[in-house]
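Note sheet for the following structure.
A short reminder: the numbers here are calculations on the coordinates, not readings from a lab. Here the structure is a predicted model, which means the values were calculated and not measured. When we count neighbours, we look across all protein chains shown, and the Cβ atoms used for this are built from the backbone with ideal geometry, even at glycine.
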Amino acid sequence: MISFRQANELVINALKKLTPGTELVSILDAQGRTIAEDVTSDVDLPSFNNSAMDGFAIRFDQSIRSWIVKGEIQAGNFTNSGNYSSSGSLDNLSAVSIMTGSRLPDGFDTVIPIEDAFVREDNLILNTNARLVKGMNVSKKGQDVLKGETVLRKGTFLKAPQIAALAACGKSQVRVFERLKIGVLVTGDELIRIEQTPSGDKIRASNLYSILSAIKEMGMIALNFGIARDNRSEIKAAMAFALEKCDVLVTTGGVSVGKYDFVKDISGELGIETVFHKINIKPGKPVLFGVKRDNGRLQPVFGLPGNPVSSLVTFYLLVKANMLKCFGLDELTSVKAILRGDIVKTDSKRHFIRGFLERDENGNVSASPVGLESSGNLVQMSVSNCLIVIEEERINPLSGEEVECIMI
Ligand code: AMP
Ligand code: MG
C-alpha cells in the first residue's frame, strides 16, 4: 500500500498534465480565478509626484525653516488652483498647502505634515522639534511600477489586492484560465435523493452535496451526475456519460472489497488506468485513483470511499489540496496547535482526525478532536474546522503535544 506522500505525488503528476483553456473575463468576474497572462502597466504608478500627507509642499533647503504660503493644491485639481508647474512664481521660500494624493509643483520635493508646522498670516513656520528630511512624505512618479513593467505574472490567483493592481493598470478585461469541470457521481443501492424521506435501509445521498460544494469552494465548475445503483451496467453507463462531459471525475462508494464494489472493475473496462488503489491513511484507505488517456488528453478519475466522512476528507486531501497547488490557487492552510485530549492511535497509518481549532485570549492555539467515536459521523464533522494530522510513526498522542492541523 502506498503512503500519503506517494499518493500526492502521483496525483500531482497527473493533474499537471491537465491543460485548461483560457478565456477573457471582465475584471469583476476575474476574482477567484487564475490569471493566464502576464500583465504590464500602461502607466507609471504613481503617474506623478504626489503628497502622502495633508500638509505643505516645499523645495527642500537645509537652511530654510519658514516659508510663504502661496496657495493650495487639492487632489485631482492641480491646474485649477493656479499653474504651479510654471515654477516662476514659486521659489525656495514658497510653500503650497497640499492635500494627500495631490500632485506636487515641479521642482518641489518635500512635504511637511500639517501637524509639524503652523501658519501665521501667510507664513508657514516649522515646529522647533519637527523633523525635516529631503523627500519626506512624497510618493514619486513610477516608484511602485514603471510603465511597461510586469505587475502580475501568469499563474497568479486573483483576490481583491490583485484586482486592485489590474484596475490601476486599466485592465477592465483579463485573460484567465477556464475553470475545470469536475463531475460527481455517487454509487450505492441504499442511496435516495435528498428530497425523499428515507425509509427502511435507505439513506440520503449526502456525499453528492458535500463533494459538489467542496468543488465550488475551489472555484471550479461542479457537475452533478446523480446516483447510480450498485449495478455494473448502470455504473458503467453513468461513468461513461460523465467522462464525456467533465475534465475530472469523482465518484463515491463502491471502491472497497465488498461483493458489490464495482467501481474499480468498471474503471478498467472504461479504459481508466489505475494509478493506485488504497493509501495508508485513516479515514479513506480504499481510495482509487486512475487516469483515462484519449488522444493526448488526460482525465483524472478519483474513486472515493462512500463513508461520508472518508469521502469528504479524501476529497480535501487528495483532490482539493493538490488542485489548489497545481492551478495557482490559494493552498490549504496548515497550523501548528496544542492537542487538547488524548488520541488512541496504535497503527502505522497517517490519521486525519476531525478537530476544532481555536485561539484563546493569550494567543495559544489548541485543537480538540471531534467525532473520535464514529468515523462516519457527518454531524460531528459539521462542527469541525480542521483535520488534525497524526503522522504514520506517531503512536497515541497525548493532550499537550504539538500537532499539525489542516484547515478545512
Ligand atoms: P461504500 O464505500 O460504498 O462501501 O460505502 C461505505 C458507507 O458509506 C456505507 O455505509 C454507505 O451507505 C455510505 N455511503 C455511500 N455513499 C454515500 C453517499 N453518497 N452519501 C452518504 N453515505 C454514503
Ligand atoms: Mg456501496
Placing +1 on each Lys and Arg Cβ and -1 on each Asp and Glu Cβ in the chain, then taking the dipole about the Cα centre, the residue among Phe356, Ala222, Ile338 whose Cα reaches farthest towards the positive end is Ala222
Taking Cα atoms only, helix 232-245 is inclined relative to the longest principal axis of the chain by an angle, in degrees rounded to 10, of 20
With a 29 Å threshold on alpha-carbon distance, the violating pairs from Lys259/Lys325; Lys245/Lys349; Lys141/Lys171; Lys202/Lys345; Lys17/Lys285 are Lys259/Lys325; Lys245/Lys349; Lys202/Lys345
Expressed as a percent, the portion of alpha-carbon pairs in the chain spaced more than 34 Å apart is 51
If each K or R counts +1 and each D or E counts -1, the residues other than Asn280 whose Cβ falls under 10 Å of its Cβ total +4
Using eta = 1.306 mPa s and T = 10 °C, Stokes-Einstein with Kirkwood Rh from Cα pairs puts D for region 293-408, in µm² s⁻¹, at 103
For region 301-377 the GluC sites (Glu not before Pro) that pass both the DSSP coil test and the at-most-14 other-Cβ-within-10 Å test are Glu331, Glu361, Glu373
Excluding residues fewer than 8 positions from Lys278 in its own chain, the aspartates and glutamates with Cα under 18 Å of it are Glu9, Asp261, Asp265, Asp347, Glu391, Glu392
Share (percent) of C-alpha pair distances in region 50-139 greater than 18 Å works out to 33
Over the chain, cysteine residues that find no other Cys C-beta under 4.7 Å are Cys169, Cys246, Cys326
Net charge (Lys, Arg +1; Asp, Glu -1) of residues whose beta-carbon lies under 10 Å from that of Leu152, Leu152 excluded, is +1
Whole-Å distance linking the alpha carbon centroid of region 334-365 with that of region 245-259 is 30
The size of the Cβ-based charge dipole (Lys, Arg +1; Asp, Glu -1) of region 334-407 about the Cα centre, to the nearest 20 debye, is 180
If every Lys and Arg gets +1 and every Asp and Glu gets -1 at its Cβ, then about the Cα centre region 288-377 yields a dipole, in debye to the nearest 20, of 480
Of the residues Pro369, Ser89, Ile58, the Cα lying farthest along the dipole of the chain towards its positive end, which is defined by charges on the beta carbon of Lys, Arg, Asp and Glu, belongs to Pro369
Treating only Lys and Arg (+1) and Asp and Glu (-1) as charged, each at its beta carbon, one finds that the chain has a dipole about its Cα centre, in Debye to the nearest 20, of 1000
